[in-house]
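Trainee: Here it is: the structure, laid out below.
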Amino acid sequence: MNTKIISIEEGNASKEALKEAGEIIKNGGLVAFPTETVYGLGGNALDETASEKIYRAKGRPSDNPLIVHICRIEDIFPIVEEVPETAKKLADAFWPGPLTMILKKSEKVPDTTTGGLDTVAVRMPGHKTALAFIAAAGGYVAAPSANISGKPSPTLAKYVAEDMGGRIEMIIDGGEIAIGIESTIVDLTEEIPVILRPGYITREMLEGVLGKVDVDRAILEAGSKQAPKAPGMKYKHYAPQGDLTIISGSQEKVVAEINKKCEEMKKRGEKAGVIGTDSTAARYRADSVKSAGNRGEEAAIARALYRILREFDDEGVTVIYSEAFEDEKGSGGIGQAIMNRLLKAAGYHIEQV
Ligand code: AMP
Ligand code: MG
């Protein structure tokens, strides 16, 4: 298959380009598109064969449900059994935006889209091109991240092309993504809302609107025996090709330990990469050193993380050491989402010094 790539600057889409992309979806094909979180791989959420194509293109297990993207708040009604007060409040506060809600699904949503669950994940993304594309596609676009299953989510169209080129009909290149990590997922089917995946919308922000909100502990704790409630969270994810280890502790000890490990690895013929921060990057001695940004600016670190992991792949780095960005049980800010992704990318391999 020949994958057509078109560039659309946010807010600058021509009607024809969007119409073409929308027609592909209406005809059962797949289009990758930018959102504010990461690039999505879109198909018609109401067409069961389209979801199957998404699973195939990604190499994703089909028990891992897809998020249905909508472009108008009212479009939620036909795809869910009921819209609880909590969902209305959250939609008012955070949509369009990086928040996914889990609700009881209606008959309209095929089982293939929800991986056989009787609930559906819904989000209205905060990105003008995404919203216009969803409208052109008929209003319901199922979209996981546009990467091969297990690899870091793409924040640049070139990484979408690397993974999806030849597998899908079209890629809409919208430049570098603003947020860089996936949406927060909150389950509203329980009495107390539960965060199933931490993200840019933090627990504090949700509690500001809803009162008490729980976090699915299974997603944060390494080796937890409890199965995570979002099926996708059980898989090793976001992983670079190099073997990633997180080194946690005081700054001095972390820098010394990482440098020691890099030296050992060099002797063994490995190519070592380090993820540091603006204040430490210059102190590392490795084949490739990258700063995730200023430690105080979590949003910038979130944006840089997947790009850095992909760049290490481009460079053929075989072992990676990263500073930790937040305690695992953290404060609940975006740091928690960053550490959740980093832990998964590392297969929960973290060392304390
Ligand atoms: P991605 O599409 O790559 O952002 O991943 C979607 C995430 O949402 C995965 O972790 C899924 O397991 C999760 N998810 C989607 N639908 C549901 C649902 N109905 N219940 C629980 N988790 C869901
Ligand atoms: Mg994903």
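Trainee: Under the rule a/c < 1.5 gives rounded, and otherwise a/b versus b/c splits prolate from oblate, where does segment 293-353 land using the Cα gyration tensor? Walk me through the numbers on the way to the answer.
Mentor: Numbers: a/c = 2.08, a/b = 1.33, b/c = 1.57.
Note, shape of segment 293-353 comes out oblate.
Trainee: Once neighbouring chains are kept in place and the probe is 1.4 Å, which whole percent of the accessible area of segment 145-197 is contributed by carbon and sulfur?
Mentor: Details: 670 of 1550 Å².
The C+S portion of the solvent-accessible surface of segment 145-197 is 43 percent.
Trainee: List the lysines whose alpha-carbon lies under 20 Å from that of residue 104, not counting same-chain residues fewer than 8 positions away?
Mentor: Partners within reach: 88, 89, 229.
Trainee: If the label point is 7 Å along Cα→Cβ of residue 104, which residues in segment 166-188 have backbone nitrogen under 19 Å from it?
Mentor: 186-188
Trainee: Which listed residue (245, 65, 160) has the Cα farthest towards the positive end of the charge dipole for the chain, taking +1 on Lys and Arg C-beta and -1 on Asp and Glu C-beta about the Cα centre?
Mentor: Projecting each Cα onto the dipole axis, the largest value belongs to 245.
Trainee: Between 0 and 90 degrees, rounded to the nearest ten: what's the tilt of helix 334-345 against the longest Cα principal axis of the chain?
Mentor: 80 degrees
Trainee: Follow-up. Mind checking which lysines have their C-alpha under 27 Å from residue 267, skipping anything on the same chain fewer than 8 residues away?
Mentor: Once the sequence-local lysines are set aside, what remains near residue 267 is 253, 290.
Trainee: Give the lysines whose C-alpha is closer than 16 Å to that of residue 260, dropping any in the same chain fewer than 8 places away, or say none.
Mentor: Here the lysines satisfying the reach criterion relative to residue 260 are 271.
Trainee: Let me have the relative contact order for segment 9-73, percent, based on Cα pairs under 8 Å that are six or more residues apart. It would help to have the intermediate numbers written out before the result.
Mentor: Working: 46 pairs, mean separation 12.3, N = 65.
After rounding, I find 19 percent.
Trainee: If you count the DSSP beta bridges with both ends in segment 20-141, what percent of them are antiparallel, to the nearest 5? Working shown, then result.
Mentor: Values: 10 of 13 bridges.
Bridges in segment 20-141 are about 75 percent antiparallel.
Trainee: Around residue 192, under 15 Å between beta carbons, what's the net of Lys plus Arg minus Asp minus Glu among the other residues?
Mentor: Residues close to residue 192 contribute a combined charge of -2.
Trainee: Estimate the FRET efficiency between residue 72 and residue 278 by the formula 1/(1 + (r/R0)^6), using the beta-carbon distance for r and 45 Å for R0, to the nearest 0.05.
Mentor: Details: r = 41 Å, r/R0 = 0.91.
It comes to 0.65.
Trainee: Here is a further query. Counting helices only, and only those DSSP H runs with n ≥ 4, report the 222 nm mean residue ellipticity of the chain as the sum of -39,500 (n - 2.57) divided by its residues, in deg cm²/dmol to the nearest 500. The partial results should precede the final answer.
Mentor: Numbers: 9 runs with 105 residues, N = 353.
The helix-only estimate for the chain comes to -9000 deg cm²/dmol at 222 nm.
Trainee: Determine the dipole magnitude for segment 1-140: charges of +1 sit on the beta-carbon of Lys and Arg, -1 on that of Asp and Glu, nothing else is charged, the reference point is the Cα centre, and the result goes in debye to the nearest 20. Each step should come with its number before you reach the end.
Mentor: Details: 16 positive and 19 negative charges, 61 e Å.
Using only the charged Cβ atoms, the result is roughly 300 debye.
Trainee: Among the DSSP beta bridges whose two residues both lie in the chain, what percent are antiparallel, rounded to the nearest 5? Show your work: numbers first, answer last.
Mentor: Working: 16 of 47 bridges.
Rounded to the nearest five, the antiparallel share is 35 percent.
Trainee: Find the Cα radius of gyration of segment 1-123, compare it with 2.2 N^0.38 Å by division, and give the number to two decimals. Please list the in-between numbers first.
Mentor: On the way: Rg = 14.9 Å, N = 123, 2.2 N^0.38 = 13.7 Å.
This ratio for segment 1-123 stands at 1.09.
Trainee: So how do 311-318, 116-123 stack up, highest first, on mean other-Cβ count within 10 Å? Please list the in-between numbers first.
Mentor: Numbers: 311-318: 17.6, 116-123: 20.5.
The most tightly packed comes first, giving 116-123, 311-318.
Trainee: Among residues other than residue 129 whose Cβ falls under 9 Å from its Cβ, what is the net charge (Lys/Arg +1, Asp/Glu -1)? Walk me through the numbers before you get to the answer.
Mentor: On the way: positive: 128; negative: 9, 10.
That works out to -1.
Trainee: With +1 assigned to the C-beta of every Lys and Arg and -1 to the C-beta of every Asp and Glu, and no other charges, what is the dipole magnitude of segment 115-210 about the Cα centre in debye, to the nearest 20? Each step should come with its number before you reach the end.
Mentor: On the way: 7 positive and 12 negative charges, 61 e Å.
That gives segment 115-210 a dipole magnitude of about 300 debye.
Trainee: So what's the angle, to the nearest 10 degrees on a 0 to 90 scale, between helix 298-315 and the longest Cα principal axis of the chain?
Mentor: For helix 298-315, the angle is close to 80 degrees.
Trainee: Then there's this: Could you check which residue among 337, 45, 230 shows the biggest mean-square fluctuation in a GNM of the chain with a 10 Å Cα cutoff?
Mentor: 230
Trainee: Put +1 on the Cβ of every Lys and Arg and -1 on every Asp and Glu Cβ in segment 1-46; which of 24, 42, 13 then has its Cα farthest towards the positive end of the dipole?
Mentor: 24
Trainee: Could I ask something else about it? Pick from 90, 99, 196: which is most flexible by mean-square fluctuation in a GNM of the chain where alpha carbon atoms under 10 Å apart are linked?
Mentor: The residue that fluctuates most here is 90.
Trainee: Turning to a different aspect of this structure: Please name which of 321, 189, 179 has its Cα lying farthest along the dipole of the chain towards the positive end, using unit charges on Cβ (Lys, Arg +1; Asp, Glu -1) and the Cα centre as origin.
Mentor: 321
Trainee: Over segment 1-128, what percent of the accessible surface lies on carbon and sulfur atoms, probe 1.4 Å? Spell out each step's value before the answer.
Mentor: Numbers: 2680 of 5640 Å².
Using a 1.4 Å probe with all protein chains present, segment 1-128 comes out at 47 percent carbon and sulfur.
Trainee: In addition: Compare 260, 53, 344 by solvent-accessible area with a 1.4 Å probe and give them largest first, with all protein chains kept in place. Walk me through the numbers on the way to the answer.
Mentor: Numbers: 260 110, 53 75, 344 5 Å².
Correct descending sequence by accessible area is 260, 53, 344.
Trainee: Under 1.5 on a/c is rounded, so check that first for segment 247-353, then, if it is not, pick prolate when a/b is larger than b/c and oblate when it is not; a ≥ b ≥ c are the square roots of the alpha carbon gyration tensor eigenvalues. The partial results should precede the final answer.
Mentor: Working: a/c = 1.63, a/b = 1.42, b/c = 1.15.
Note, shape of segment 247-353 comes out prolate.
Trainee: Which angle from 0 to 90°, rounded to the nearest 10, does the C-alpha axis of helix 15-26 make with the longest principal axis of the chain?
Mentor: Tilt of helix 15-26: around 80 degrees.
Trainee: Now, a different point. Before anything else, pin down the relative contact order of the chain: Cα pairs under 8 Å, at least 6 apart, normalised by residue count, whole percent. Before the final figure, lay out each step's value.
Mentor: Working: 814 pairs, mean separation 67.1, N = 353.
That works out to 19 percent.
Trainee: Which whole-number value in Å² is the accessible area per residue of the chain, probe 1.4 Å?
Mentor: On the way: 14260 Å² over 353 residues.
Per residue, the chain has 40 Å² of solvent-accessible surface.
Trainee: Looking at the chain as a GNM with Cα springs under 10 Å, which of 324, 239, 218 has the largest mean-square fluctuation?
Mentor: 218
The values are calculated or read from the model by the stated rules, or taken from the named source; none is laboratory data. Owing to the predicted nature of the structure, the values given are computational and were not obtained by experimental measurement. Don't worry about glycine lacking a Cβ; one is built from the backbone with ideal geometry, like all the others, and counts go over all protein chains shown. Each accessible area value is taken on the protein alone, full model and side chains, heavy atoms only, with ligands, DNA and RNA left out. Shrake-Rupley method; radii C 1.70, N 1.55, O 1.52, S 1.80 Å.
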